[in-house]
Structures are given as C-alpha cells and as structure tokens.
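Undergrad: Take a look at the following structure, please.
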Amino acid sequence: MEFPNLGEHCSEKTCKQLDFLPLKCDACEEVFCKDHIAYNRHKCSSVYKKDVQVPICPLCHAPIPVRKGETPDAVVSAHMDRDCKPDSAQQKQKIFTNKCFNPGCKKREMMKLVCDQCHQNFCLKHRHPLDHACPGQSHAISKAGYAALMRSLKSQTMTLNYQLLQNRSQAKC
C-alpha cells in the first residue's frame with residue numbers, strides 16, 4: 001500500500017529529494033532534507049533573523065549593536081573612534097601579583113602563601129619555615145620537612161659510626 005501524501009520534496013533547487021522526515025528551516029520556513037537544513041547549505045535569505053552576533057568592544061567591554069547590512073568590524077571601529085570610554089578598573093589585571101619575600105627570589109604566585117609564624121608571603125619553593133629561614137617563634141616542621149631532617153641525621157650518624165669503626169680497626173693494628 002502506498003502513501004501518496006507522505007513526505008515532501010526538498011526546497012533546494014539542486015536536490016528536490018523526496019524526504020519522509022522533512023525539516024523546516026526556522027528562518028525562511030521552507031522544507032529541506034537533512035543535507036540542506038543548515039543555513040549555509042541552502043543559502044538561506046533570512047539567516048540574519050536567527051544568526052545574530054553582538055560584538056564586544058575590546059577596550060571598554062561594552063556590547064556594540066550592529067544593524068542589518070553593517071559589518072561588525074566597521075561598527076566596532078567607529079565605536080572605538082567616537083564613543084569608547086575605557087574604564088581603568090575593568091582593564092585586565094595581572095594574575096601573578098603575590099611576590100615572594102625571600103631575599104633574592106623574584107617569583108610571584110597567583111595565590112597568597114602566608115607563613116604561619118612570620119606572616120609574610122612566599123612562593124611555592126620558599127613556603128615552609130625551614131625554606132625561608134623563618135624568624136618566627138619556633139621552627140615548626142612539616143611532615144615532609146621532618147622526614148628530610150631525619151634522613152639527614154640518619155646519614156650523618158651512619159657516617160660517624162663508620163668513621164669510628166675504621167678508627168678502632170686501625171688502632172688495633
């Protein structure tokens with residue numbers, strides 16, 4: 001059994017394909033197949049109704065209205081020449097503003113890393129009290145710092161023990 005009223009032909013002049021699931025363009029209201037439904041594929045004459053872009057001024061960050069037929073670049077350029085008022089408060093601020101207080105270090109961090117003891121700001125490398133020779137009340141050691149201190153003490157005692165054993169063996173001879 002045939003269905004003579006089922007489906008529609010694509011409105012694109014070069015296609016005219018019979019489509020059983022036709023799609024209607026929301027700008028020009030014509031019917032198209034899946035291959036020609038995009039605005040640029042069927043050269044839609046009413047695309048300006050749907051494809052609206054509002055450029056933003058790079059200096060004052062204000063939206064610039066563009067009328068039909070005007071090029072956005074020309075409108076933004078005219079705005080920058082006549083109406084643009086760059087606001088210094090809205091200008092791009094530097095991200096890395098927190099300078100390290102360790103002498104000789106010129107690094108800057110995005111976030112503040114304040115020492116609990118001396119209350120000064122440091123970079124990631126000098127954030128621990130032992131790393132920046134903190135003049136605070138006491139030298140609190142982090143777990144990593146404590147482990148490093150223990151390793152160094154252990155290696156020092158092992159070298160001392162080794163030297164003592166060598167001295168004793170030489171003394172016996």
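Undergrad: Taking the conditions exactly as written (at pLDDT 85 or above and touching a Pro at 6+ places or on another chain (Cβ under 7 Å)), does Cys123 satisfy them or not?
TA: Taking the combined requirement at face value, the residue does not satisfy it.
Undergrad: Same structure, new question: Is the stretch 99-109 home to any residue that is at pLDDT below 90, over 30 Å from Ser11 (Cβ atoms), among the acidic types (Asp, Glu) and not in a loop (DSSP other than H, G, I, E, B)?
TA: yes
Undergrad: What about Ile56, is it among the hydrophobic types (A, V, I, L, M, F, W, C), within 31 Å of the chain's Cα centre (by Cα) and either surrounded by 11 or more Cβ atoms within 10 Å (Cβ to Cβ) or not assigned by TED's automatic domain parsing to the domain that holds Glu8 (or both)?
TA: For Ile56, the condition - among the hydrophobic types (A, V, I, L, M, F, W, C), within 31 Å of the chain's Cα centre (by Cα) and either surrounded by 11 or more Cβ atoms within 10 Å (Cβ to Cβ) or not assigned by TED's automatic domain parsing to the domain that holds Glu8 (or both) - is met.
Undergrad: For the stretch 100-131, name all the residues that are within 16 Å of Ser142 (Cα to Cα), surrounded by fewer than 15 Cβ atoms within 10 Å (Cβ to Cβ) and among the charged types (D, E, K, R).
TA: Result: Asp116, Lys125.
Undergrad: With respect to His79, is the statement that it is outside any loop (DSSP other than H, G, I, E, B) and not acidic (Asp, Glu) true?
TA: It is true that His79 is outside any loop (DSSP other than H, G, I, E, B) and not acidic (Asp, Glu).
Undergrad: List the number of the failed condition for Ile141; all other conditions in (1) surrounded by fewer than 13 Cβ atoms within 10 Å (Cβ to Cβ); (2) at pLDDT below 75; (3) assigned to a loop (DSSP other than H, G, I, E, B) hold.
TA: Only one criterion in (1) surrounded by fewer than 13 Cβ atoms within 10 Å (Cβ to Cβ); (2) at pLDDT below 75; (3) assigned to a loop (DSSP other than H, G, I, E, B) is unmet by Ile141, namely (1).
Undergrad: Related question: If you go through the stretch 47-66, how many residues are modelled with pLDDT under 85 and not in a loop (DSSP other than H, G, I, E, B)?
TA: Within the stretch 47-66, residues that are modelled with pLDDT under 85 and not in a loop (DSSP other than H, G, I, E, B) number 3.
Undergrad: Now, a different point. Every residue in the stretch 42-56 that is in contact with a strand residue (DSSP E or B) (Cβ under 8 Å, 6 or more places away or on another chain) and either touching a residue at least 12 places away in the same chain (Cβ under 8 Å) or of a type in the set (Lys, Arg) (or both), please.
TA: Within the stretch 42-56, His42, Val54, Pro55 meet the criteria.
Undergrad: Then there's this: Whether any residue in the stretch 32-46 is at pLDDT 85 or above and not in a loop (DSSP other than H, G, I, E, B) is what I want to check.
TA: Within the stretch 32-46, one or more residues are at pLDDT 85 or above and not in a loop (DSSP other than H, G, I, E, B).
Undergrad: On to the next question. Is it fair to say Asp19 is modelled with pLDDT under 85 and touching a Gly at 6+ places or on another chain (Cβ under 7 Å)?
TA: On the way: modelled with pLDDT under 85: yes; touching a Gly at 6+ places or on another chain (Cβ under 7 Å): yes.
Yes; evaluated as a whole, the condition is true for this residue.
The values are calculated or read from the model by the stated rules, or taken from the named source; none is laboratory data. For clarity, every value in this text was computed on a predicted model and none was experimentally measured. Neighbour counts run over all protein chains shown; Cβ positions are idealised from the backbone, glycine included.
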